[in-house]
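The values are calculated or read from the model by the stated rules, or taken from the named source; none is laboratory data. The structure displayed is predicted, hence computed values, not measured ones. Cβ placement follows ideal geometry from the backbone for every residue including glycine, while neighbour counts extend to all protein chains displayed.
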Amino acid sequence: MFCHFEPNDKQNNIERAIRKIKRKTEKIIILVPFAHLHEKIAAIGQAEHLFNLLSEICIKDAKLETIKVPFGIDKDYLYTKATSKDIKFMRF
């Protein structure tokens, strides 16, 4: 799951995201911090805080095997085969 944060995002957005993740995810989730080219991008400190909060909650949940891509990592090396039907966008 690519995680993009905007300036108005708060902890309640994370709580909504967790509820939706639990409904949509069976066993494994991969969390990837991501900022797409958009005018509404959270400050790096805020985005890192929210990503870490989301990650910690998923990791503590015994039902979800969570893989966390570190914040700030070079994404050039992330690759997976996927079709357009495999990619879904959700707002929280």
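Looking across Ala35, Ala62, one residue alone is of a type in the set (A, V, I, L, M, F, W, C), in contact with a helix residue (DSSP H, G or I) (Cβ under 8 Å, 6 or more places away or on another chain), at pLDDT below 90 and part of a loop (DSSP other than H, G, I, E, B). It is Ala35.
Test of understanding: among Glu39, Glu6, Glu65, which residue is out of contact with any Asp or Glu (no Cβ under 8 Å at 6 or more places or on another chain) and either of a type in the set (Phe, Trp, Tyr) or free of Cβ contacts under 8 Å to residues at least 24 places away in the same chain (or both)?
Being out of contact with any Asp or Glu (no Cβ under 8 Å at 6 or more places or on another chain) and either of a type in the set (Phe, Trp, Tyr) or free of Cβ contacts under 8 Å to residues at least 24 places away in the same chain (or both) holds for just one of Glu39, Glu6, Glu65, which is Glu39.
Among the residues of segment 4-19, how many are under 12 Å from the mean Cα position of the chain (by Cα) and under 17 Å from Glu65 (Cα atoms)? Qualifying residue count for the region: 2. Residues in segment 5-53 that are surrounded by 13 or more Cβ atoms within 10 Å (Cβ to Cβ) and of a type in the set (Gly, Ala, Ser): 4 in all.
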